[in-house]
Every structure is written in structure tokens, then in C-alpha cells.
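Take a look at the structure below.
The values are calculated or read from the model by the stated rules, or taken from the named source; none is laboratory data. Quick caveat: nothing in here was measured; it's all calculated off a predicted structure. A quick note on method: Cβ atoms are made from the backbone with ideal geometry, for glycine too, and the neighbour counts reach across all protein chains shown. Heads up: the accessible areas ignore ligands, DNA and RNA and are worked out on the full protein's heavy atoms, side chains in. Shrake-Rupley method; radii C 1.70, N 1.55, O 1.52, S 1.80 Å.
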Amino acid sequence: MKIKNQIFDVTIIGAGVTGCFIAKELSKYKLRVLVVEKEPTVAMGPTKGCSGIIHAFQLPFGSLKGKLCLEGNKLMDEEAKELGFRFKRVGLLLICKSFLSSLVARIVKPYFSRYLEVRYLGEEEIKELEPNVEAKGGLLFPSGGVVNPVEMTFKAKLFAELNGVEFRFESKVVGIDVIDVVDASDIGNIGDVSEVGEVGGVTDSTDAMDTTMGTVMDTTDTRDTADENPYFEVTLESEEGEEKIISRYVINCAGLYADEIAAMVGDKIKIIPGKGSHVVFEDKDFSYHLIAVLPLMPERKTKGGGSLVTIDGNLIWGPNLVDVENKEDRSVKKEEVDALIKKHSKPFKKLPEKAVSVYAGVRAIAGKDFIINSPIKNFINVAGIQSPGLTAAPAIARLVVRILKESLEKKGLRLEKKEEKSLKLISSREQNVEPICHCRNVSSDEICRIISDGAGTLDDVKHLTGATMECGRCLPAVLQIMEEKGLPLRKDTCKSFIAWRD
Amino acid sequence: MSLKSIETEALVVGAGYSGVLLSSILAERGVDVLIAKSSLESEIEVFLRLEVLSSYYSEFIEEYRELLAQLRPRVLKTTILKTERENGEETERARWKVESPHYRITADEVFICTGCYDKRVFPCGVLGMRPAGTFSLQNALELISKGYRIGRRVLLFGERTKIFEIVEEMLKKLKYECEFVEGEYAEVLGRERVEGVVVEGEKFEREKFECDTLIYFCGRESFNPFRLEGVKAGNINAKTYDYEEVRRDVLRLKF
Ligand SMILES: Cc1cc2nc3c(=O)[nH]c(=O)nc-3n(C[C@H](O)[C@H](O)[C@H](O)COP(=O)(O)OP(=O)(O)OC[C@H]3O[C@@H](n4cnc5c(N)ncnc54)[C@H](O)[C@@H]3O)c2cc1C
């Protein structure tokens, strides 16, 4: 029966940054893991539309997102090294325009110091760091950083794939049924999860998370007995039609659609979409830090955005927060652009020269905090992962592994590490190659390589190599390479073609 | 891989119309000239493959082909990445040190003829969604010239310039449905593919145009991403698809 190949230990729904980092972490264990994604490639949802900031902190410190943010931030150097994505700790600078606010900054500094490194800077020190900024004082958080979110997610996916995780793109989860399997042998062997006691018991030592996140697992899991052996039958829909797979665990990382997935197992979550727009400037060396003005003027649930830089050094202003009805509404309106420019030009003496582009992402907001729980046995929600989800992703992944471990242990099973393969990291740019993208100096070889690594759409190529990102002149050449490599000429989530031949 | 060293009196960066014209003038005067041609196609090469445009620009195309044929031995297929005065000197007399992926070139003078590119979406006032089917004029022309279809029903948006009239004619000949609208802002609708464009401008407040493709154009900027230094010549200064102007610009140079 075909079903034999369709049995997984863990199925992750959604290949955003969260899903891919969980997949990456799980790939280190002897498990058969599947990632299902409805789009043609990774990071096509909010992950692509986010600001790319590795936040220094998230308030309140005591919340789940606050803790995971701090932990994720700390893990980022290690992740960047292991996966080979670019990460720069540019530092977050909160500046004070008035003497009064600089006084407040000095008063609140000790509070922040309890959690992370922070320095108070005087007027002169700021001038030295940021010649274009006018401020009376400010707080510098050196741990704030930037990444390319698509690159970060893509590399996690590459690592997971290398270590045996299977990915299915353009497959949408449309149904989940709980099935009771009396005997696991009915459906074949479940992965390599071995019985406790079989192998000498090495388990993860308790870390800080243990004590702080006791609420993570729902109590339903404690009722678990070895006899009960629930499995999930997950229905996938793709161009080829419907298909069913069986999985012992399901992890819901479906971002904006985590509510729909949760509903499939009878859980109620409400995800509200909140759009955030950005303006991108051609200007480099305009400013060097992530800059926001104190007191922060959060637009309700957000940190209020700021004057940011990308990993490539471009200036970005945003994001804002706009309620939208449609989860796919990533349109940027003229009024928003005007407001962003007005708001974020405040700290600066001179204005940036050239705005070249705008983009938006839609946050998946489910109340104030992340929702990481297990509403029914063997099903884990990783939902409502709004900002700082990008930062927290490595920490979320470790937390999920822990949840899984605990749940398996209750069943008398244990997670076993396997020998992992590491990604071949391409050290630096090759020399002596003719570029086709002059703005970012990208050669056609580099584009071919990223395509053979699994880039599936123009947006993948664009975000992973930088080609077409700036002046856009090399677009036809890039499309031609994609065509030669047999890729459909599609843009991000679009099933529709950019161009075609009759 | 070792780099090849070359010396020349004049290095012309860019083998588009202006680079080729300038090189031929220099060669005629007995100057030892080299032209660096990057992997990007020049605009004339694109026009060459487009029926209506090649007849509109025929005079320049003929001239370009002829001159290029004569200059062929002087063409170096490489992308210039850096130009700087020897020993970092600012003086006019200092020679130029030039770098490309395969060559180290020493030149007495460097001319930058790297052309233009169309202004991008935001400076052209194009906002809203960014689904498949939104093109700058330049990219649309290059793709069509390479034998692609880029849509069925095209809206041309931007400033009314001669080039749009020609392109409109070309698109109609190629059996595209096509319409031009002048406006300040365009809001693109659609997720998978362009589903329409709402245009705002002086003439109307907000009007929706049905289309599956948007081509925008609102002027050009010089294309010099490596910020090469040297004498700027030809269409690096011009702002439209006006080759008369490019020619005047080149002829104006004094050596
Ligand atoms: C404007 C903006 C700015 C932000 N800036 C930052 C920042 O600077 N720093 C930071 O740390 N965080 C930031 N965030 C937050 C961050 O982007 C998110 O927390 C993170 O991207 C969430 O990732 P995810 O994997 O959980 O979700 P997603 O990226 O939404 O991934 C979910 C995936 O699930 C797929 N999916 C959904 N339903 C199904 C289904 N039925 N079947 C199969 N697949 C399905 C989707 O296609 C999608 O790819 C920002 C967010 C926004 C919107």
C-alpha cells in the first residue's frame, strides 16, 4: 500500500521562518519529518514582508514573546554560523530629542540592564556614532541586529533538507482527522524513536526555559497513557489533487492561517491580520543603527517602527500598523508612505535622497502574546507569531523540541540524536566572474547555484542573491537564466507567470 | 586565475550607442581605444529585435552596427568594476587604474558610457500590490525582444513621451490590447497577477483601468552602479529614449 511511504513522525504545517527553524532543529534527531507549504517556496508569508530586525528585546520581558526574543537574539550568532546566513549586530539606538526624555532614559536604563546590555550615550557620543542624528542623549542596545529574513529561512530549510526533512511545496493542508491506531505496527514503523531504557538515558538538561514556561503545555497531555495512540490523518491539496498522509505529531506553524489549521482539530484561535508597510531608500551610509525616538510611540500593538538598515546597508523606514480585512492585503497606500516619511525623518539633520521602493507584510496577531500550546494530544500550535517572531525563531524551535521530547517521554519513548551533516558554506564571493547584476555584483553562476539549491521563484532568486533588487535592469537576464534552468517564471506566491512564450 | 594586464590610451566603458560612437570618433583621431562591453545588452541591441522600434531608430541602429563592426577588434568583453587615478592622485595628469573580473587596465583617459535605466516603481508613483505583470518600460521591451509575451491587456502609465507612442504602436502590432494613461499615482490591484490599476492624476481623481499588465515610465536615470569615475559621456546624462540627444551629448565632448 502506498500509505507506507506516507507516514511521518512529525508534520510541520507552514514553511515560514518558524516552521523552517523547527524543521532544522528536528532534523538533528532520528525522526521522519515532513514540512507542508501551500506556496511554491519558503518564507512567502509575513516572513518575507517583515523588517529583518533581530530585536534586542521585546516588552514585556516576562511574556513568552519577551523571553523567546531574548533567547533567540542570543542564539543568532550560533545559527548564523551554522547555517551560513549574514547577520550583523548593528545595535539599536533609542534617542532622546529633549533633555527631559534623556533624563527618563537614564532612569529606565537600570531596568533594561537587568535583562540585556545597554549603555547610556550623551549628545557627543551619539554625534560620533551617528553624525546625521540630532539628539540630547540615548540608549544603545548593542545586541540589536539585522538579517535577510528570506536568506535566514532558506538556509534553515537547506539544513533541514540535507538532514532528511522532506518538504512539500504547493500543497495545502485542507483537513486533519484524528485516527486511533491500536497498534503502531498497523501502519508500519514510526521513525526511529526508540524505547526509553533501550539506550542509556541522556536527556536535555533542564535549562532556564523549564521553570519559566511551565504553562506552555496544556494539561490535556498529562492524561496521555501508553495505550492511547492517536495519529493524524492530514489531507493535502495540490495541483495533482488530494492526498492523505499520516503523522504522529502535527505542528501548526501556518502563520496567518494558523486559526484555520487549529479549527481542523477543534481548537479556537483568532488571527487578526495587521499590515506593516515600509519605505526602502537607495541611500547607504545614511545611518548605521536601528534608530527610534524615545519615548517610543507604539501604534497599539507594535513597537512603532523606526529608521532601520538592511543587511546590505540600505535605509528602511517602517513598519506601521494598519488594520486590513484581507490577510493577503500587502498593498501600500500613498498616505502611509507620506506618514512614514514624516514620522521617521524626525531624528535626522538631513533627509535621505532617494526612496526607491515600498513593501508590506501582514502580521498574524492573536492577542498580545505568542500562542505555543498543545490543545489536543500530539498537536502543537505555534500560532500568533507576530513580531518578534523572526528573532525568536531559533528559541521557538528549541522550545518545540522540548515539548515534543516531554510528550514522547510520557509515552515511554525518547528522542535520539543522529549524526548531522553540516551545510557546505560558501565562504565568500568568487573572484573573476562577470556580473549580470551590477548593483549587487551578482554573476549568472551565482544565480544558477541558488536555483540548484532549490530557489523556486523570482523572489527567491531576488532575495537570496540580491539580483534585480536595486535598479532592476537585470530582470530580463535573470528570467532568462531561470527559464534555461527549467524554473517557471513566477513571482513569489503568484501561480501566474511573469512572462511566457507562445 | 591570473589577471591580464592591458594598456590603452582611452578606455570607453559601455558598448551601447554612445560608447560605440565615442570610440569611433577617438579611433578616427588615431587614439588607441578599447571598449569594455559588459554582459548586459545595450538598448540598441534590444531595439534591433523589435519591429516598430527598429524602424523608428533605424538611423541609429545602422550607424551602431557599422561602427561596431569596424571597432570589433577593440571590444573587450568584460565588466568594469572600478576606475581610479593611479596612486590615488587627483591630478588630471595621473593615469587611470581600471579593474574588471579578468583584466587590469591602465588608461590615460576613461569615458563612462554606461547608459540609463528607467526610474523604479516608487519614483514613478506606482504603489499598491506587486503581483506578476508590473514592468518598467525598459524591462518590458527587453523581454518582448527576447520572444516573451508579457501579458494580454496592457496599461501604459506615466508621462506622455514619444517612446510611449511608439511602444503603443508596437504592442498593438504584436496583438496586445493596449491603452495609455497619464497620471501621478497608480495603485496596482491583484494578488496573483495584475487585475487592474487605479490611476490618480490631474485629469481625474481616481479611475480604475482594467488590465493584466502594467508598464510604467516616468523618465530615466544614469546607470552607473559601480560609481565609476571618468568622463561621463552619452546617455548617462540623458533622461529619455532620445538618441538625437545622446548623439549631441557625445559630439559635445572636447578632448
Ligand atoms: C511588517 C512586519 C514586520 C516585522 N518585522 C519583524 C522584525 O523586524 N523582527 C522580528 O523578529 N519579527 C518581525 N516580524 C514578525 C515576523 O515576520 C513573524 O513573526 C514571522 O515571520 C512569522 O513566521 P511564521 O513562520 O510563524 O509565519 P509565516 O511566515 O506566516 O509562515 C506561515 C506559512 O504557512 C503557510 N501556510 C498557511 N496555511 C497553510 C496550509 N493550510 N497549508 C500549508 N501551508 C500553509 C503559509 O503559506 C506560510 O508560508 C514582522 C512582521 C511584519 C508583518
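This table checks each residue for (1) closer than 18 Å to A:V17 by Cα; (2) free of Cβ contacts under 8 Å to residues at least 24 places away in the same chain; (3) not in a strand (DSSP E or B).
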| residue | (1), (2), (3) |
| --- | --- |
| A:R248 | no, no, no |
| A:I251 | yes, no, no |
| A:Y257 | yes, no, yes |
| A:P273 | yes, no, no |
| A:S277 | no, no, no |
| A:D283 | no, no, no |
| A:S287 | no, no, yes |
| A:A292 | no, no, no |
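Are any of the residues in region A:354-374 farther than 24 Å from A:P319 by Cα and either away from the ligand (no atom under 12 Å from the Cβ) or without any contact (Cβ under 8 Å) to a residue 60 or more places away in the chain (or both)? Yes: region A:354-374 contains one or more residues that are farther than 24 Å from A:P319 by Cα and either away from the ligand (no atom under 12 Å from the Cβ) or without any contact (Cβ under 8 Å) to a residue 60 or more places away in the chain (or both).
Listed conditions (1) under 23 Å from B:N224 (Cα atoms); (2) facing another protein chain (nearest Cβ under 7 Å) are all met by A:K462, apart from (2). For region A:254-289, filtered to residues that are within 13 Å of the ligand (Cβ to nearest atom) and among the acidic types (D, E), the residue that is most open to solvent (accessible area, probe 1.4 Å) is A:E260. Scanning region A:8-56 for residues that are open to solvent by 10 Å² or more (accessible area, probe 1.4 Å), more than 6 Å from the ligand (Cβ to nearest atom) and either basic (K, R) or closer than 19 Å to A:R248 by Cα (or both) returns A:E25, A:K28, A:Y29, A:K30, A:L31, A:R32, A:K48.
Selection of region A:323-380 for residues being in a strand (DSSP E or B), within 14 Å of another protein chain (Cβ to nearest Cβ) and closer than 30 Å to A:I176 by Cα yields A:G361, A:V362.
So which residues in region A:432-446 are of a type outside the set (D, E) and touching a Ser or Thr at 6+ places or on another chain (Cβ under 6 Å)? Give the steps one after another, and end with the answer.
We begin by selecting, within region A:432-446, every residue of a type outside the set (D, E); these are A:432-433, A:435-444.
Matches in region A:432-446: A:V433, A:P435, A:I436, A:V442.
Matching residues to (1) more than 22 Å from B:N224 (Cα to Cα); (2) exposed (fewer than 14 other Cβ atoms within 10 Å of the Cβ); (3) under 15 Å from the mean Cα position of the chain (by Cα); (4) small (G, A, S):
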residue	(1), (2), (3), (4)
B:I25	yes, no, no, no
B:R29	yes, yes, no, no
B:F47	no, no, yes, no
B:P73	yes, yes, no, no
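The residue list A:G72, A:G84, A:G66 contains one member that is in contact with a Leu (Cβ under 7 Å, 6 or more places away or on another chain) and either open to solvent by less than 10 Å² (accessible area, probe 1.4 Å) or under 12 Å from A:Q386 (Cβ atoms) (or both), which is A:G66. Residues in region A:484-502 that are surrounded by fewer than 22 Cβ atoms within 10 Å (Cβ to Cβ), closer than 21 Å to B:E45 by Cβ and within 9 Å of another protein chain (Cβ to nearest Cβ): A:R501 alone.
For region B:162-255, the strands (runs of 3 or more DSSP E) that sit wholly inside it and include 1 or more residues that are of a type in the set (K, R) and open to solvent by less than 70 Å² (accessible area, probe 1.4 Å) are B:220-222. Within the bounds of region A:385-402, is there any residue that is assigned to a helix (DSSP H, G or I), under 19 Å from A:P230 (Cβ atoms) and either open to solvent by less than 10 Å² (accessible area, probe 1.4 Å) or not hydroxyl-bearing (S, T, Y) (or both)? Among the residues of region A:385-402, at least one is assigned to a helix (DSSP H, G or I), under 19 Å from A:P230 (Cβ atoms) and either open to solvent by less than 10 Å² (accessible area, probe 1.4 Å) or not hydroxyl-bearing (S, T, Y) (or both), which makes the answer yes.
The residues on offer are B:Y64, B:Y57, B:Y17, and the sole one that is over 21 Å from B:N139 (Cα atoms) and aromatic (F, W, Y) is B:Y64.
Which count do you get for residues in region B:81-112 that are within 14 Å of chain A (Cβ to nearest Cβ) and in contact with a helix residue (DSSP H, G or I) (Cβ under 9 Å, 6 or more places away or on another chain)? Here the count works out to 1.
Residues in region B:172-202 that are away from every other protein chain (no Cβ under 14 Å) and without any contact (Cβ under 8 Å) to a residue 60 or more places away in the chain: B:K172, B:E177, B:C178, B:E179, B:F180, B:V181, B:E182, B:E202.
Could you list, in sequence order, the residues of region A:433-462 that are polar (S, T, N, Q) and buried (at least 18 other Cβ atoms within 10 Å of the Cβ)? Once the filter is applied, which keeps residues that are polar (S, T, N, Q) and buried (at least 18 other Cβ atoms within 10 Å of the Cβ), region A:433-462 yields A:N441, A:S443, A:S444, A:T457.
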